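The values are calculated or read from the model by the stated rules, or taken from the named source; none is laboratory data. On a predicted model such as this, the values are computed, not experimentally measured, just so you know. Don't worry about glycine lacking a Cβ; one is built from the backbone with ideal geometry, like all the others, and counts go over all protein chains shown.
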Amino acid sequence: MEWREVVNHPSLKNLPFKIETNEWGKIMMAPASYAHGVYQGRIYGWFERHAGGGMPSTECPVETSKGVRVADVAWAGTAFLKKHGVRKLSLPESPEVIVEIESPSNSVAELEEKRQLYFEKGAKEFWLCDEDGHVRFFNPSGELDKSELFGQFPGHIEIKVV
């Protein structure tokens, strides 16, 4: 299926999981946990509060060489937004920062492939948040001690009921 067909298909609207396509246009689905959504919200909220000169998004569809991959959170700078706008079904290039939040259904190989696909499409950094809230940062050369673009972002995200 083409991405436009996936997005507009009535039976695929409002599903409780993420939909992506592979390189042959087949739909791939991944269920997400409640904690996954909480981490997603915390990361998005941090970008809203601390990252000027751009805009965060959730469920960001990026056209890759192996189909459309949907990042849990992305941050795009002003130049990227001026070039691509915000009213697209999917992006032909990757925003500067892509964040994936691990789910039990993710394999290490799948996350590594996603990281490479986003870098091929121009991502500057890829962040990986594990199921315990620990965040790892990568650029195209490898793993970083902290984000080069947002060095103040914490290496661990706490979720607790207060």
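A few points about this structure:
- Checked against (1) touching a strand residue (DSSP E or B) at 6+ places or on another chain (Cβ under 9 Å); (2) at pLDDT 65 or above; (3) under 30 Å from V161 (Cβ atoms), P16 meets all criteria but (2).
- The range 101-119: number of residues that are under 23 Å from G151 (Cα atoms), touching a strand residue (DSSP E or B) at 6+ places or on another chain (Cβ under 8 Å) and not basic (K, R): 5
- Being more than 27 Å from P92 (Cβ to Cβ) and under 14 Å from the mean Cα position of the chain (by Cα) is not true of D145.
- Within the range 84-107, the set of residues being among the hydrophobic types (A, V, I, L, M, F, W, C) and either modelled with pLDDT under 95 or closer than 22 Å to D130 by Cα (or both) comprises V86, L89, V97, I98, V99, I101.
- Which numbered condition Q152 misses (of (1) surrounded by 14 or more Cβ atoms within 10 Å (Cβ to Cβ); (2) under 20 Å from G54 (Cα atoms); (3) modelled with pLDDT of 95 or more): (1)
Condition check ((1) surrounded by 14 or more Cβ atoms within 10 Å (Cβ to Cβ); (2) assigned to a loop (DSSP other than H, G, I, E, B); (3) modelled with pLDDT of 95 or more) across all residues:
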residue: M55; (1), (2), (3): yes, no, yes
residue: A74; (1), (2), (3): yes, no, yes
residue: A79; (1), (2), (3): no, no, yes
residue: K82; (1), (2), (3): no, no, yes
residue: E112; (1), (2), (3): no, no, yes
residue: D132; (1), (2), (3): no, yes, no
residue: I159; (1), (2), (3): no, yes, no
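Per-residue answers, yes or no, for (1) out of contact with any helix residue (DSSP H, G or I) (no Cβ under 8 Å at 6 or more places or on another chain); (2) not acidic (D, E):
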| site | (1), (2) |
| --- | --- |
| S90 | no, yes |
| I98 | no, yes |
| S103 | no, yes |
| E110 | yes, no |
| F119 | yes, yes |
| K124 | yes, yes |
| P140 | no, yes |
| E143 | yes, no |
| V161 | yes, yes |
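- V73 vs. criteria touching a Cys at 6+ places or on another chain (Cβ under 8 Å) and more than 16 Å from S57 (Cα to Cα): no
- Summed over the range 44-59, residues that are free of Cβ contacts under 8 Å to residues at least 24 places away in the same chain and not polar (S, T, N, Q) total 5.
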